[in-house]
Amino acid sequence: MKKILLFVTLSAALVSCKKEQESEAVATDQEKVVQTEALTQPAETPEATEATETPDAEAEETQKIEVKENTSKTPTVSYAKFGAPLAVTNVLSKEQMLQKYAKLKKGDTIQVKFRSKIGSVCKKKGCWMKMDLASGKESFIRFKDYGFFVPLNADGSTAIVSGKAFIDVVSVDELKHYEKDAGKSQAEIDKITEPKITYAFTADGVLIEE
């Protein structure tokens, strides 16, 4: 009887040990599976970094291209030259020129350059012209020593003149003579009855935009 009980007890112990070994084996296999998955799983961080950097780089490159495409060059202006050569620097506008004239009194002269439109030209020889100033005023331009003339059809062109500006008082006879040269009618000429203070200018060089 004791032998039977001893056999049963040993058998139960063996079964229990076998189950514990199988449980430990299963647990070990599960840990291996987890470790294998962790090793085979792709890294996400580099891809995320690359995905966020690429659009910014492309946007920056596009912006640079747009700036280059929007850059425009200053157009070159061609001039016809009359009289002495002159540089297109320190040239006053018609408004600035009128301010200069306002500070002059009879007998004063200043050496200056200014740019404006030609209002009218002598239609006989081109020996004088009138250039617009601000506020409806104009400057009467004659050429130094009658050494050169401008084209008869220069009316409306933009010009730069270089020379001496001064205040002049033009007599009635001179005014009538200039209006006749400009092609004005006799009725308009007869309206001139008194001398006129003018913004005079003796030009030694003229540039007319072509």
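K144 fulfils the conditions (1) open to solvent by less than 30 Å² (accessible area, probe 1.4 Å); (2) in contact with a Gly (Cβ under 8 Å, 6 or more places away or on another chain) except for a single criterion, (1). The set of residues in the range 180-199 being in contact (Cβ under 8 Å) with a residue 24 or more places away in the chain and assigned to a loop (DSSP other than H, G, I, E, B) consists of A182, G183, P195. Of all residue pairs spaced 6 or more apart or on separate chains, those with beta-carbon atoms under 6 Å, a first member in the range 85-114 that is within 14 Å of T198 (Cα to Cα) and β-branched (V, I, T) and a second member that is in a strand (DSSP E or B) and open to solvent by 90 Å² or more (accessible area, probe 1.4 Å) are T109/K164.
Yes/no matrix, rows are residues, columns are (1) at pLDDT 95 or above; (2) surrounded by 12 or more Cβ atoms within 10 Å (Cβ to Cβ):
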residue	(1), (2)
I65	no, no
S72	no, no
F82	yes, yes
A102	no, no
K113	yes, yes
K124	no, yes
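Would you be able to say whether some residue in the range 156-170 is modelled with pLDDT of 90 or more and part of a loop (DSSP other than H, G, I, E, B)? For the range 156-170, residues modelled with pLDDT of 90 or more and part of a loop (DSSP other than H, G, I, E, B): present.
The values are calculated or read from the model by the stated rules, or taken from the named source; none is laboratory data. Since this is a predicted model, take the numbers as computed values, not measurements. Note that each Cβ is placed from the backbone with ideal geometry, even for glycine, and that neighbours are counted across all protein chains shown. Side chains are part of the model used for accessible areas, which takes the heavy atoms of the whole protein and leaves out ligands, DNA and RNA. Shrake-Rupley method; radii C 1.70, N 1.55, O 1.52, S 1.80 Å.
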